[in-house]
Amino acid sequence: MEESSLKGNVVRISCKKLILSAYLYMVIPIVIFFIGWLKLYWGILFSGILLFGLFYFMKQRYKEDEYFSIELKAVVLIAAAVAVWVFLSGIGGYFYQSWDFHGRNMIFRDLVEYSWPVIYPETGNALVYYHIFWMFPALVGKIFGKTLGWGAANLTLYFWSFFGILISMLLICKLLRLYRTKKVLLMLYIFIFWSGLNILGEIYMATKGYAGFSVLGGGYGWPDSITAYQYTPNNALLEWVFNQTIVPWIAVPLFLQEKRMDILAYLGLCVLPFAPFPFVGLFIIFAVWAVAQIIGFVRKKEYKELFKTVFSIPNIAAILSVFPVFLFFFGCNKVANGSMGIGGIGWYIEPDNFTIKHFEILIVFYILEFLIYSVVLFKDHKRNLLFYAANLVLLICPLIRIGTARDFCMRASIPALLFLMILVMDKLNKAWEEKLSGSILILVSIIGISSLSAISDWGAALNIITTTGKYPYIADDWVTLCDQNALDYFAINFVTEKPESKVFYKYLAKGKTEKKYTEDLMVSVNYRETHNLPLSGGYYNVSPKQKEGLYLSTDGSSVMLNQDKCTVMISSMKDGRYRFTFHEFQVALDVPGGIIDENGTIGVWQINGLFPQDFTIEKIDEYYMICYQGYALTYNSDDKSITMTVRTGNSDQLWLFARSAIK
């Protein structure tokens, strides 16, 4: 047998400990969230229920331990490859970080520096995001304190990511019986370089004149100029959304080990807090498989066994703990639920706007990103229900939108793509000792071409490091959400307004002590002082110093003083700049053309985020000046007009900012 033919030193791995490690990798951060975010009695109750479900399952399933053996060289090779891969991904901040790390570092830092639950003292907004992957590293950062905390948290994040991927790969080795070094090497290559034929997609788009062609950058955004469909390669997933990726990478091979109904809901719901979109993709696969199992029980009239299996203690434990907490927590996110008038659920491209060109790109996308694999695998898996379920998910994902962008397409596809990857590994593993067939040659060729995505990605990273002279190249411009509004473009997915009115924060989340509030306030104030931001972002009524009862206002086409209070949303821009937005009219304070004319014209224009809408604020006692270059916003209390005049600091350039209720 395979294990008996192993050469050299061999490592004997406990199946029980590996499976337990996989579940604990998911459960521990959830428990930290329960204890850190919820009222103490809720935290203890939900943590106890969740842990009881896991240990009940482990006791019932592993009354006697099982083992598998793998060559020591293979284990060392896996560990070394994963260590290098995580390093190259930018996790921890030791190499090049992709653009998404601006947001990742921002969330991670706030988890380290602010008390839990994270509620920003100056804006009153609360952090609501799938940030559970960071819980353990953030806790370590808190333990190490202000001086060493951020470095310790990032180092822990690196090793936490390393162990997660290591667990996933060992699960795959056990699942596919990959015990020899040569076969493990093949598994590593496929896992790290797994991708669609993105280079061919770029060539197709360039040939048709839809887009240009670039050797660097991975190529996985090749449909961007027409539809922006994307199935992200494994390497790019690790570089961009590791927090949503690593746990699904564990869950899929964990499910495939035995395919048990009595742990199905527990496993699926453990994925939900980390990765809501991948959870949806995984849920569809689980549901298709579960329906087939239920039909089997019904046909055999094994109703009692069906009830015991579906409503097992582990399944009930997850349903009673994870499901209600995160249902209410994620329900606070207005982009997901659509209560802001944006986001929600719908067609990614509305049927009325779907053209022949869109259809063309969709078909090419299907072929290059997964169907080319599925066709080669079909003969071996034409009776495999999970194979059809995975393909169903991959057919659906580009059609659906949840939220404001293409995230559902990119992330709900993660479990299905990993499932296809495992089938490819299995096919090549079984063909190892056999004569090469046509399908194997095709599969090897596809994998060879697809691996160019990761190679070009690394090439792009090295090019940026070389060009900029920065090493490591850290993406950390956004810093914090402490002074951001829920409608600010890079905060809209991360915070919720008025958390005290939400069910989660009203009934489940712990409150803030005066001490914690003061400590959090000092973190925010220190940030603003460091970045030359005299005023926190938020909603304000802005009134002139010399004229009580008048307020900065607009009718949607001009700016003036008015007796009616008008709420202005002020957004800080990290480098000392501010934007003043009148969301009732969807316009912002704007210098026409970006140049102050001889009349000092100031007006409003549609929100565009360009420099004519960027102002600075200077504090004078309890008042503020709104400045643009060498000019300041100036009011005439007689005719209520507003212009830009040379900055003097006189009373007619001083404004009072009073916090306003959110509108």
Area of W42 that stays accessible when all protein chains are in place (1.4 Å probe, Å², to 10): 80 Å²
Debye log10 I(q)/I(0) at q = 0.15, 0.16, 0.17, 0.21 Å⁻¹ for the stretch 206-335, Cα point scatterers: -0.85, -0.91, -0.98, -1.23
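If you take the square roots of the eigenvalues of the alpha-carbon gyration tensor of the stretch 189-275 and sort them as a ≥ b ≥ c, do you get rounded (a/c under 1.5), prolate (a/b over b/c) or oblate?
It is prolate, given that a/c is not under 1.5 and a/b is the larger ratio.
Tell me the relative contact order for the stretch 153-238 as a rounded percent, counting alpha carbon contacts under 8 Å between residues six or more apart.
Working: 59 pairs, mean separation 19.9, N = 86.
Once normalised by length, the contact order is 23 percent.
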Answer label for volume of the Cα convex hull per residue in Å³ (calculated), chosen among [x] 145; [y] 162; [z] 192: [z]
Sparse-neighbour loop sites [GluC sites (Glu not before Pro); the stretch 462-553; at most 16 other C-beta within 10 Å; DSSP]: E548
Probe 1.4 Å - accessible area at E584, Å² to nearest ten: 150 Å²
Expected 222 nm ellipticity per residue - DSSP helices of 4 or more, -39500 (n - 2.57), all of the chain, to 500: -16500 deg cm²/dmol
Sparsely packed chymotrypsin sites (Phe, Trp or Tyr not before Pro) within the stretch 300-400, loop by DSSP, other Cβ within 10 Å at most 13: F311
Accessible-area value, M644, 1.4 Å probe, nucleic acids and ligands omitted, Å²: 10 Å²
Net charge over other residues, Cβ less than 14 angstrom from the Cβ of Q230 (K, R count +1; D, E count -1): -4
Within the stretch 96-183, chymotrypsin sites (Phe, Trp or Tyr not before Pro) in DSSP loop having at most 13 other beta-carbon neighbours inside 10 Å: W99
S225-K16 FRET efficiency (beta carbon distance; Förster radius 60 Å; 0.05 resolution): 0.75
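From largest accessible area down, sort K574, K259, K182, K174; use a 1.4 Å probe on the protein chains. Please list the in-between numbers first.
Values: K574 20, K259 85, K182 130, K174 45 Å².
Per-residue accessible area, sorted high to low, gives K182, K259, K174, K574.
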Ellipsoid equivalent to the stretch 17-57 - semi-axes via the Cα gyration tensor, in Å: 20, 11, 4
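For the stretch 388-461, what is the convex hull volume of the alpha-carbon atoms per residue, in Å³?
Working: hull volume 9.1 nm³, N = 74.
So the per-residue hull volume is 122 Å³.
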Cα centroid separation - the stretch 60-89 against the stretch 457-513, whole Å: 33 Å
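List the relative contact order of the chain as a percent without decimals, with contacts defined as Cα pairs under 8 Å and 6+ residues apart.
Working: 1123 pairs, mean separation 106.9, N = 663.
It comes to 16 percent, rounded to a whole number.
The values are calculated or read from the model by the stated rules, or taken from the named source; none is laboratory data. Quick caveat: nothing in here was measured; it's all calculated off a predicted structure. Reconstructed Cβ throughout: ideal geometry from the backbone, glycine too, with neighbour counts over all protein chains shown. Surface accessibility is based on the protein's heavy atoms, side chains included, excluding ligands, DNA and RNA. Shrake-Rupley method; radii C 1.70, N 1.55, O 1.52, S 1.80 Å.
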